[in-house]
Amino acid sequence: MVPDSLRRRAEDLRQLIHYHNYRYYVLDRPEIPDEEYDRLFRELVELEERYPELRSPDSPTQRVGAPPLEAFEPAPHAVPMLSLENAMDEAELREFDARVRRFLGTDEPVVYSCEPKFDGLAVELTYRDGVLVRGATRGDGTVGEDVTVNLRTVRTVPLGLLGTEVPRLVDVRGEVVMPVEAFHRLNREQEQAGLTPFANPRNAAAGSVRQLDSSITARRPLEFFAYGVGRLEGMEVKTHWELMERLHGWGFRVSEHRRRTRGIDGAVEYCRETEARRDEFPYEIDGCVIKVDDLELQERLGAKARAPRWAIAYKFAPRQAVTRVVDIEASVGRTGAVTPVAVLEPVSVGGVTVSRATLHNPDEVARKDIRIGDWVVIQRAGDVIPEVVRALPERRTGDERPFVMPERCPVCGARIERPEGEAIPRCTGLSCPAQLKARIRHFASRRAMDIDGLGTKLVDQLVEKGLVRDVADLFRLSEADLVPLERMAEKSARNLVEAIDRARTRDLARFVYALGIRHVGEATARALAERFGSLEALMDASEEDLLAVPDVGPEVASSVRAFFAEPANRESIRRMLEAGVRPAPPTRPEAAEAPLAGKTFVFTGALESMTRDEAKARVEALGGKVTSSVSRRTDYVVVGADPGSKAEKARTLGVPILTEPEFLELLKTASG
Ligand code: IVH
């Protein structure tokens, strides 16, 4: 027998954890520190271990742990999962609207709900009395596969619906997607483990959901977005918009990029805008879905054989195209990496003309068997460099030639070496002009130092004429140096010198990114600049200091250390400083004036006069920050009743400790 108090405690814990999962995974706004969450979670795990009968199927502890399956059970859909008709352009969207109005016999504008079309795997989640009882793939629309154990591991799939007003029965439909960044990370891991990478995020999402071993699914970065329902019993909803709000309230992620419009014009506008902003989405979308908002009208419109009459998918321009490989070149990057690059017959892909595409590394070329002269499928995804997806061997004539990686750098003639266990061959030339050119191009690029007018052709000339042997030389160029160069008039020479001059005071984050340190992208550069505040501090940072920066792991930390330890890099930086380069320290304009700006607080133990959230809000209102763990960079640890190990840690590190009255006093002083 489980004592009543413990049964209640388990129930409270489940609710609390569900709620905090929702704050964390769905709203992206956690309310409690990770440690606190872990503590709640552990308490529930321990309770359930002691009393297994407390382990309900909707318990948050039950996301993982099912034994591998032999095969998936068939999962029939009570209401078929239909597909959508496509509109390829504006005219077809307008035809859809005309059909809808003709069918309804109205001249009035129809209200449409517009939303992105997720490019992932469609699934259905069935909830009885608020508890997830089944998760199924779409399959052929009538019968799918039962992938409940797998979907339970997806953090944005609620195991139980939140809120007091939940339906007796609901089939929630939506899409499982893998965010693009996570997809690239997963593929890098796959490659390192000697496994075949996934072709695109959709395949990765589908492959992850259709795993017989749910512990593999659990490790994959998946997200679920809800966009509709099948059966809905015990609840009245009037519009699609209202339905989406309900779904959100029950704990589902729904797209924030939804819009409701009256008449088709607004929907057309929505599609145009969304397509233009496609690359800004963290996950892939391949179109927009336009739905008649009124559910009663949806009912009246009904469906044809495979698709409803009340919705249409506006498809974006495809991002894949077919073209021919004219040549395969070995291209040398700024770190000396030698990458095979396919030179293509120019082709338009999703509105951009593509004439080169990466083949990543020699193993990829071999695995995909891409030959010079082949017809190939190429694709662009988001902002990334176009890549060759696969060859079309059926179109070969016999004249195609395989690619052979040269033994020597095509630019400087130094040997190309491939370190043990690495996929990427590197040029060993210390002064390889190709590496230097690539470094300069990166340094000057828009997102780095943003030196207007320093294009590829000019960089080539500067390096070939020996005017720039190191990035620092850029800051010593005079108009007189530039004028003799090809296609350089006096005016453009002056403009360039001025653009270089403006770059002298670019902010530190851009400067750090511009240095081209391996594994340091824009976001990491920004984090480093914010944490260290000056170039000198960053250059002197120890591995430990670096590891304390959010998102900096051992690989990044050691790469940063190695970069600044290299005498040639230190010398180059010294010469830049000598030439008047002064990276501007990060500023947070409003925050800088605030009384607690730059101060970091950690709380431990319970406060008497306010909750943690209120305390946090008070600190933040005064410009301070609250974090969950104590480090040397913490300014104050505020200790309430029953403090945890953080107080101890603060003492060891010599971080000032405040009692609650002292904290209140500090707030009072700071508020003036
Ligand atoms: S509504 C009966 N909304 O597109 C209409 N579908 O070709 C049900 N999809 O397999 C679909 N995003 O998986 C709808 N916002 C969205 C969607 C969406 C992606 C997928 C869905 C379906 C396919 C339809």
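We did not get these values from a lab; they are worked out from the coordinates using the rules stated. All figures in this text were calculated on a predicted structure; none of them were measured in a lab. Because the Cβ atoms are built from the backbone with ideal geometry, glycine has one as well, and the counts that use them run over all protein chains shown.
Using every pair of separate Cα atoms, the Kirkwood estimate puts the hydrodynamic radius of region 451-603 at 17.3 angstrom. Orientation-averaged projection of region 217-261 equals 4.5 nm² [convex hull of Cα atoms, one quarter of hull surface area]. Near I500, once Lys and Arg are set to +1 and Asp and Glu to -1 for all other residues with Cβ below 13 Å from its Cβ, the sum equals -2. Placing a label point 7 Å from the Cα of E245 along the Cα-to-Cβ direction, no residue of region 17-44 has a backbone N closer than 12 Å.
Our estimate of slack between A523 and A317, defined as 0.36 nm per intervening residue step minus the Cα-Cα distance, is 71.2 nm. Taking 0.692 mPa s as the viscosity and 37 °C as the temperature, the Stokes-Einstein diffusion coefficient of region 164-203 based on its alpha-carbon Kirkwood radius rounds to 260 µm²/s.
With the cut-off at under 19 Å, measuring from each backbone N in region 649-672 to a point 7 Å along the Cα-to-Cβ line of A594 picks out 663-672.
For V349, the residues whose amide H sits under 5 Å from its own are V354, ignoring neighbours fewer than 5 places away on the same chain, with H placed 1.01 Å from N. Between the alpha-carbon centers of region 14-93 and region 225-275, tell me the distance in whole angstrom. Cα centroid of region 14-93 versus Cα centroid of region 225-275: 21 Å apart. Taking only the Cα atoms of region 8-112, the ratio Rg/Rh comes out at 1.26, with Rh defined as the Kirkwood radius.
Relative to its residue count, region 570-672 spans a Cα convex hull of 131 Å³ per residue. Computed from backbone phi, the HN-Hα couplings of region 559-575 come to 5, 5, 4, 4, 4, 7, 7, 6, x, 5, 5, 4, 5, 4, 5, 4, 5 Hz, rounded to whole numbers (Karplus: 6.51 cos²θ - 1.76 cosθ + 1.60, θ = phi - 60°; Gly and Pro given as x). The three principal axes of the C-alpha atoms in region 438-536 carry coordinate ranges of 43, 22, 21 Å, sorted with the longest axis first. What the pair-distance distribution of the chain shows, using all Cα-Cα distances binned every 20 Å from zero, is 14, 39, 37, 9, 0 percent. Taking every Cα-Cα distance in region 91-201 and sorting them into 10 Å bins from zero, the calculated P(r) comes out as 12, 26, 28, 24, 9, 2, 0 percent. Along region 604-620 the Karplus relation, 6.51 cos²θ - 1.76 cosθ + 1.60 evaluated at θ = phi - 60°, assigns HN-Hα couplings of 9, x, 8, 8, 8, 8, 7, 7, 4, 4, 5, 4, 4, 4, 5, 5, 5 Hz to successive residues, with x for each Gly and Pro.
In this rough spin-label picture, where each label sits 7 Å from Cα along the Cβ direction, the S629-M405 distance is 3.7 nm. This model, with +1 at the C-beta of Lys and Arg and -1 at the C-beta of Asp and Glu, gives region 472-513 a dipole about its Cα centre of some 180 debye. In this label model, A548 and A199 are separated by 4.9 nm, measuring between points 7 Å along each Cα→Cβ vector. In this structure the amide hydrogen of A584, modeled in the peptide plane, comes within under 5 Å of the amide hydrogens of R506, D507, L508, none closer than 5 places in sequence on its chain.
Computed extension length for L485-R469: 4.1 nm, one decimal, from 0.36 nm per residue of separation with the Cα-Cα distance subtracted.
Taking amide hydrogens as placed 1.01 Å from N in the peptide plane, the amide H of V229 sits under 5 Å from those of R173, each at least 5 positions away in sequence or on another chain. Calculated on the alpha-carbon coordinates, the convex hull of region 322-392 measures out at 82 cubic angstrom per residue. Remark: region 543-583 projects, on average over all directions, an area of 3.4 nm² (convex hull of Cα atoms). Quick check: Cα centre of region 593-661 to Cα centre of region 552-579, how many Å? With region 593-661 and region 552-579 each reduced to a Cα centre, they are spaced 34 Å.
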